[in-house]
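The values are calculated or read from the model by the stated rules, or taken from the named source; none is laboratory data. Only a predicted model underlies this, so the values are computations on that prediction, with no experimental measurement involved. Cβ sites come from the backbone with ideal geometry, for glycine too, and all protein chains shown count toward neighbours. Surface areas here come from the heavy atoms of the whole protein model, side chains and all, with no ligands, DNA or RNA. Shrake-Rupley method; radii C 1.70, N 1.55, O 1.52, S 1.80 Å.
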Amino acid sequence: MNTPPPLDVETLRARLVENGPYSALDVVTVTGSTNTDLIAAANAGSADRTVLVAEEQQAGRGRMRRSWVSPRHYGLHVSVLLRPVVTARSALSWIPLLAGTALSETVRETTGLEAVLKWPNDMLLGSERKAAGILADVVSTLDGMAVVLGVGVNVHHDAADLPAGAGGLPATSLAAEGAKVDRGDLLAGLLERLSETEAQWRGGEPGPEVDPRLLERYRNLCTTLGRSVRVEFGGGRVLEGTARDIDEHGRLVVRGRDGKRTPVSAGDVVHLRSAER
C-alpha cells in the first residue's frame, strides 16, 4: 500500500479558521501526544477552539491509560481546546460523548459505514471492531476551566497492521472496512460537526443535564444499550447486568441481576451479548 498523502494545512485553515468556527489550527509532522501538547498550550493561554493535528503520534493516550500509536499519514490524531463556561464541572463529562456523536455521524455521512458507539466514546465498525477512541482532559488554567478533547481514528491502516484492540475488541480502520477516505475531508467534516454539536450544547447554558435532542442523537448511535455488559471499575469491583439507558447526565444505567438500576459515570465496559433492540 502506498503511503497516504499529508494533510493540506492551508486548505484546512481556510475552511475551518478563516471561513469557519475555529480560532487556530496547526498540523505537526510528529509529536508524542496532541493532548499533552495542547494542555501545555491551554496553560499558556491559547484561545478557545484551538486545534492541533499530528501526522504521526508516538505516545498517544487513550482511556484506561492505553497507548495509541499509528504510522505517519495513516490515521487522524487531532486535539481541540475548548473553554466553555459551565454551571458545574460535572457538565464537562458530556464533551467526549458529544465528540463521539459528531465523529460517528461524520463517518456515516462520509463513508456510508454504520459507525456506532460503545459507551462512553469508542467508535465501532462492522462486527464489534474498534476504529476510533476519544479522550478528554480537564485542565484548570489561569483563564479558567478548559477541556482538551483528543480524537484518534484509524483511517488507512491494513487489517494485518492493526493491533489486537482494547477492551476485548479487535481493531479495524475505515480502509479495512472498505471505505476510501480523504483524511482532509474527513477531518474538516468532523471538526465542523463537532463545532455544531458543541455549540448547541453551549447554547443550552450547559449544566449537568444535556439538551434532550443531543441525548437522543447519542442514544441512537450507542450500541451498548440493550446489551448484557460487565463494567470493570478497577480494584476488583465489577458490575454485571443489562445496559438499559443513557441518562441526562451521560451516565450508563445498568440494571443488575438483582433488578437494581445503577448509573455508571466511569468504568471499562465489556459487551457480553448482542443488543436487545
>> With +1 on the Cβ of every Lys and Arg and -1 on the Cβ of every Asp and Glu, and nothing else charged, how large is the dipole of the chain about its Cα centre, in debye rounded to the nearest 20?
In response: 1060
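Given just the C-alpha atoms of the stretch 133-234, how large is their convex hull per residue in cubic angstrom?
186
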> Extension gain SER90-GLU128, at 0.36 nm per residue separation less the Cα-Cα distance, in nm?
Replying inline: 10.7 nm
>> Among THR111, ALA41, GLY75, whose Cα projects farthest towards the positive end of the dipole of the stretch 1-123, with charges put on the beta-carbon of Lys, Arg (+1) and Asp, Glu (-1)?
In response: ALA41
>> Please list 3J(HN,Hα) in residue order for the stretch 219-234, calculated via the Karplus relation 6.51 cos²θ - 1.76 cosθ + 1.60 where θ = phi - 60°; whole Hz, with x for glycine and proline.
In response: 4, 5, 9, 7, 7, 6, 4, x, 8, 6, 10, 10, 9, 9, 8, x
> Which residue, VAL107, VAL238, VAL181, tops the fluctuation ranking in a GNM of the chain built on C-alpha contacts under 10 Å?
Replying inline: VAL238
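Find how much the distance from ASP182 to ALA266 grows on full extension, using 0.36 nm per residue of separation minus their present alpha carbon separation; answer in nm with one decimal. Intermediate values should be presented prior to the final figure.
Values: separation 84, 0.36 × 84 = 30.24 nm, distance 3.39 nm.
That pair, ASP182 and ALA266, stretches by 26.8 nm at full extension.
With only Lys, Arg, Asp and Glu charged, each at its Cβ (+1 for the first two, -1 for the last two), find how big the charge dipole of the stretch 65-195 is about the Cα centre; round to the nearest 20 debye. Show your work: numbers first, answer last.
On the way: 12 positive and 13 negative charges, 69 e Å.
That gives a dipole near 340 debye.
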> How large are Rg and Dmax for the stretch 4-126 when only the alpha carbon atoms are used, in Å?
Replying inline: 15.1, 44
> lysines near LYS260 by alpha-carbon distance under 28 Å, same-chain residues fewer than 8 away left out - which ones?
Replying inline: LYS118
> log₁₀ I(q)/I(0) of the stretch 181-224 at q = 0.25 Å⁻¹, via Debye over equal Cα point scatterers, no solvent, to two decimals?
Replying inline: -0.91
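Quick check: residue separation of ASP158 and THR3 times 0.36 nm, minus the Cα distance between them. What number comes out in nm? Numbers along the way, then the final one.
On the way: separation 155, 0.36 × 155 = 55.80 nm, distance 1.15 nm.
54.6 nm is the gain from fully extending ASP158 to THR3.
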>> Can you give me the long-range amide H partners of HIS249? Hydrogens built in the peptide plane at 1.01 Å from N, cutoff under 5 Å, separation of 5 or more residues or another chain.
In response: none
> Given PHE233, LEU142, LEU214, which one lies farthest toward the positive end of the charge dipole of the stretch 135-277, if we put +1 on the Cβ of every Lys and Arg and -1 on the Cβ of every Asp and Glu?
Replying inline: PHE233
> Computed from these coordinates, which is Rg and Dmax of the Cα atoms in Å: (1) 17.9, 61; (2) 17.8, 53; (3) 18.0, 57?
Replying inline: (3)
> Counting Lys and Arg as +1 and Asp and Glu as -1, each charge on the Cβ, what is the dipole of the stretch 122-277 about the Cα centre in debye, to the nearest 20?
Replying inline: 740
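Mind checking Rg over Rh on the stretch 171-277, alpha carbons, Kirkwood formula for Rh? Spell out each step's value before the answer.
Numbers: Rg = 16.9 Å, Rh = 16.1 Å.
Reported Rg/Rh (Cα atoms, Kirkwood Rh): 1.05.
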> Can you work out the FRET efficiency for the pair THR11 and SER140, with r the C-beta to C-beta distance and R0 = 51 Å, to the nearest 0.05?
Replying inline: 0.90
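Tell me, what is a quarter of the convex hull surface for the C-alpha atoms of the stretch 4-61, in nm² with one decimal?
On the way: hull surface 17.3 nm².
Seen from a random direction, the Cα hull of the stretch 4-61 projects 4.3 nm² on average.
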> Which value in nm describes the separation of the simple spin-label points at ASN19 and ASN43, placed 7 Å from the Cα toward the beta carbon?
Replying inline: 3.8
>> Once ligands and nucleic acids are excluded and a 1.4 Å probe is used, how much of THR106 is accessible, expressed in Å² to the nearest 10?
In response: 10
> Which of the peptides 152-158, 43-49, 139-145 is most tightly packed, and how do the rest follow, judged by the mean count of other Cβ atoms within 10 Å per residue?
Replying inline: 152-158, 43-49, 139-145
>> What are the ³J(HN,Hα) couplings of the stretch 130-138, residue after residue, when phi is run through the Karplus curve with 6.51, -1.76, 1.60 and θ = phi - 60°? Round to Hz, x for glycine and proline.
In response: 7, 10, 7, x, 10, 9, 10, 10, 8
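Taking a quarter of the surface of the Cα convex hull of the stretch 68-162, what do you get in nm²?
Across all orientations, the stretch 68-162 yields a mean hull projection of 7.1 nm².
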